[in-house]
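Report on the structure given below.
All of the numbers you see were taken from the coordinates with simple rules; none came from a lab. All figures in this text were calculated on a predicted structure; none of them were measured in a lab. Cβ atoms come from the backbone with ideal geometry, glycine included; neighbour counts cover every protein chain shown.
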Amino acid sequence: MGHKITILPGDGIGPEIMDAAVSVLNHVAGLYGVDFEYTTKLVGGCSIDKYGAPITDDTLQSCAESDAVLLGAIGAPQYDDLPHDQKPEKALLKLREALGLFSNLRPAKIYPALVDASSLKAEVISDTDIMIVRELTGGIYFGTPRGYNEERGWNTLVYTRPEVERIAKVAFELALKRRSHVTSVHKSNVLDSSQFWKEIVHTVHADYPGVTLEDMYVDNAAMQLVRNPRRFDVILTQNMFGDIISDIAAMITGSLGMLPSASMGEKHALYEPVHGSAPDITGQNKANPIAMVGSVAMMLAYSFDMTEAARLLDQAIDNILAAGYRTADIATPESKVLSTTEMRDKIIDAFSRVYDEKTNVELTTS
Ligand code: IPM
Ligand code: MN
């Protein structure tokens, strides 16, 4: 029986990058003899247009019954004035909540070939390799009471002990597989919820003597990220701070179009690029599919234990960039600019090549 994947292309460039990602995935599956079964559903603005709601129970159920969910992008300007509960973005929040996706992993890794695509100096950003661990189903995004009236608007920032403990564990476990350093980002000099966060993270840290833990206020973290990003390994932070910090970290890598993400819970996982639906370039075959393909690589590694395929996919992308191929968002005057579909085909080609090389090495060394 195949692995079940729910495909949610979403809005804007979502369908274009999803088409590229699924083509790449099918190619990988063919080489590894793995079978994926896809169910495609609407989410976001396209679901509002068809069903009057950003996500339906049918879509949620399909996701809940799948081994993994792949999501493209959500949102479009024409929905900006809808009430919060009806906006396309609500679909994402509902998915996170319904599937219990409390842990959001956002790697910000610089591709050597792209050090000059960032607005920051190459010597500042080279060799940056950060893993942001963002708590995703708690904090001010979900706290009650919330609301607004003529006179007041309010939200509640609340975390419970188990919520902080489980996300802290995720960060320390990841650190063990990386450079064994965790920066807990909060605002404990002002917020009670952050003092609470800080103390619990220290308690969990007692179980991880091999990992170093530092505390950093979020304003300072924002500054250090653009001043000396290499100093970070794993960044552990709450929902809202993680949202902001991860966009800053994204720009270190040159383009939001490069960053994949994984959102995981006890039972479910969803993979999506960090970038949005890019209405300005929708339908023009210009979008950068690399973050979406990178999200497929994360899915292969985390949901299907196909770590070699994931590594080769990252390698294929590295090789393409090193050869000077770019989509428009990361192009320099010297680069060979590719459309979305051309980039898709290049990735498939490059994957075949790294896969063959690996197989040849295995044959000659065995
Ligand atoms: C993100 C997005 C979402 C968030 C929005 C669209 C709800 O900005 O995934 O970073 O704030 O979490
Ligand atoms: Mn965001």
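Please list, in order along segment 53-67, the HN-Hα scalar couplings obtained from phi with the Karplus expression 6.51 cos²θ - 1.76 cosθ + 1.60 (θ = phi - 60°), rounded to whole Hz, x for Gly and Pro.
Once rounded to whole Hz, the list reads 9, x, 8, 9, 4, 4, 5, 4, 5, 4, 4, 5, 8, 9, 7.
With both bridge residues required to lie in segment 119-252, what share of the DSSP beta bridges run antiparallel, to the nearest 5%? If you can, show how the numbers build up before the last one.
Working: 2 of 16 bridges.
If we restrict to bridges inside segment 119-252, about 10 percent are antiparallel.
Cross-link partners among aspartates and glutamates for K109, C-alpha distance below 12 Å, same-chain residues fewer than 8 apart left out?
Reachable aspartates and glutamates: D127, D129, D233, D314, D318.
Please arrange H275, H268 by how many other C-beta atoms lie within 10 Å of their C-beta, fewest to most.
Sorted ascending by nearby Cβ count, the order is H268, H275.
Report the charge-dipole magnitude of the chain in Debye, nearest 20, computed about the Cα centre from +1 at each Lys and Arg Cβ and -1 at each Asp and Glu Cβ.
Taking the Cα centre of the chain as origin, the dipole is about 500 debye.
Please arrange D81, D314 by how many other C-beta atoms lie within 10 Å of their C-beta, fewest to most. Write out the running numbers ahead of the final one.
Working: D81 7, D314 19.
In order of increasing Cβ crowding within 10 Å: D81, D314.
What lysines does K41 reach when the alpha-carbon gap must be under 24 Å and sequence neighbours fewer than 8 apart in one chain are set aside?
K4, K50, K87, K90, K94, K267, K286
Calculate how many DSSP beta bridges within the chain are antiparallel, expressed in % of all such bridges and rounded to the nearest 5.
The answer is about 40 percent antiparallel.
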